[in-house]
1. Collect the residues in the range 264-288 that are of a type in the set (V, I, T), assigned to a helix (DSSP H, G or I) and surrounded by fewer than 15 Cβ atoms within 10 Å (Cβ to Cβ), keeping them in residue-number order.
2. Enumerate the pairs (first residue in the range 283-294 and more than 17 Å from K121 (Cα to Cα); second residue anywhere and part of a helix (DSSP H, G or I) and of a type in the set (G, A, S)) with beta-carbon separation below 7 Å, excluding pairs fewer than 6 apart on the same chain, so at least 6 apart or on different chains.
3. So which residues in the range 289-308 are assigned to a helix (DSSP H, G or I) and either of a type in the set (D, E, K, R) or crowded, with 18+ Cβ neighbours inside 10 Å (or both), if there are any at all?
4. Say whether the condition of being of a type in the set (S, T, Y) and closer than 21 Å to K120 by Cα is met by at least one residue in the range 208-229.
5. Can you tell me which residue among L248, L243 is closer than 29 Å to A296 by Cβ, open to solvent by less than 50 Å² (accessible area, probe 1.4 Å) and modelled with pLDDT of 95 or more?
6. Please enumerate the residues belonging to the range 186-205 that are more than 23 Å from P143 (Cα to Cα) and either part of a helix (DSSP H, G or I) or open to solvent by less than 10 Å² (accessible area, probe 1.4 Å) (or both).
7. When you scan the range 243-256, how many residues do you find that are of a type in the set (A, V, I, L, M), in a helix (DSSP H, G or I) and touching an Asp or Glu at 6+ places or on another chain (Cβ under 9 Å)?
8. Do you know which residues across the range 215-242 are within 28 Å of M199 (Cα to Cα), among the aliphatic types (A, V, I, L, M) and not in a loop (DSSP other than H, G, I, E, B)?
Amino acid sequence: MAAAAAPGAVGTLQASRARLVAACCAPLVPGWRLHRSLAGPRVRPAMWARGWAPAAEGAALRRGYSSEVKSEDELRVRYLEEENRGIVVLGINRAYAKNSFSKNLVKMFSKAVDALKSDKKVRTVIVRSEVPGIFCAANLPVPTIAAIDGLALGGGLELALACDIRVAASSAKMGLVETKLAIIPGGGGTQRLPRAIGMSLAKELIFSARVLDGQEAKAVGLVSHVLEQNQEGDAAYRKALDLAREFLPQGPVAMRVAKLAINQGMEVDLVTGLAIEEACYAQTIPTKDRLEGLLAFKEKRSPRYKGE
């Protein structure tokens, strides 16, 4: 039975729409700060702490939340150089715990994301596992790619769903399997999976706790690309790196504003979405990068963007 509309709901919606469009007009370039109404909710550390890890060989899956700090190297942040300059790789490295989230890892991940948000030199972020066979973005203003080369179950898949683009090896396994333990996905899975593959299919996968391989995930639209796994076990990462290289030549201001326009536009009706796009487009007009792009086109050379 449909709920009745609350009195004044239409007026409230219109006022909210006006505030949303107005918020988009706030300058995005200086300091790369987004208006707080557009930045999205902060993910509570507890959400990132929910991960899956095999309890033992052949045993049922269990929730992994460890407070032990085994190493300062649980999250490896690598700034690539030379032709890959501008690409940052976040490598999760908790082999002894099958990449389950620990308090230390959550703290390191949060710290890394905060640093990347304010770094104008960062163009694309790749999230991967540095533990063979296991995967396990964050609210970043730049493109994020999840490279799934192994298991991405429960919290691992929820982390991948938080990224803009997902690529997987054909041998990868992914699914939201929480209902097997009489709980539900608690790190955004019930919200992001329907947005990625549609409500009906998302319900089917969550209700059944079904696990998909890379080919099946590609067929339902969960991942954008699927690759045959290579001997090194990093086929998805290599594809993610190829995609990131495609992004590098583009204007960094335009990339960030385009992501903002897409993310915010998908949450509202088309009319409001077009208004958001117009407001975001206006942010690119006064930039030095736009003038450089026009000049480079005129001079038939590659542009030299500085993110200004």
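The values are calculated or read from the model by the stated rules, or taken from the named source; none is laboratory data. The shown structure was predicted, so the numbers you read here are calculated from the model rather than taken from an experiment. No Cβ is skipped: glycine too gets one built from the backbone with ideal geometry, and neighbour counts run over all protein chains shown. Accessible surface areas use protein heavy atoms only, side chains included; no ligands, DNA or RNA. Shrake-Rupley method; radii C 1.70, N 1.55, O 1.52, S 1.80 Å.
1. Scanning the range 264-288 gives a single hit, V271.
2. T284/A254
3. D289, R290, E292, G293, K298, E299
4. No, because not a single residue in the range 208-229 is of a type in the set (S, T, Y) and closer than 21 Å to K120 by Cα.
5. That would be L243, the only listed residue that is closer than 29 Å to A296 by Cβ, open to solvent by less than 50 Å² (accessible area, probe 1.4 Å) and modelled with pLDDT of 95 or more.
6. M199, S200, L201, A202, K203, E204, L205
7. Of the residues in the range 243-256, the ones of a type in the set (A, V, I, L, M) are 243-244, 248, 253-255.
Retained after the next criterion (residues that are in a helix (DSSP H, G or I)): 243-244, 253-255.
Now restrict to residues that are touching an Asp or Glu at 6+ places or on another chain (Cβ under 9 Å): 253-254.
Summing the residues that are of a type in the set (A, V, I, L, M), in a helix (DSSP H, G or I) and touching an Asp or Glu at 6+ places or on another chain (Cβ under 9 Å) in the range 243-256 gives 2.
8. A217, A219, V226, L227, A236, A240, listed by residue number.
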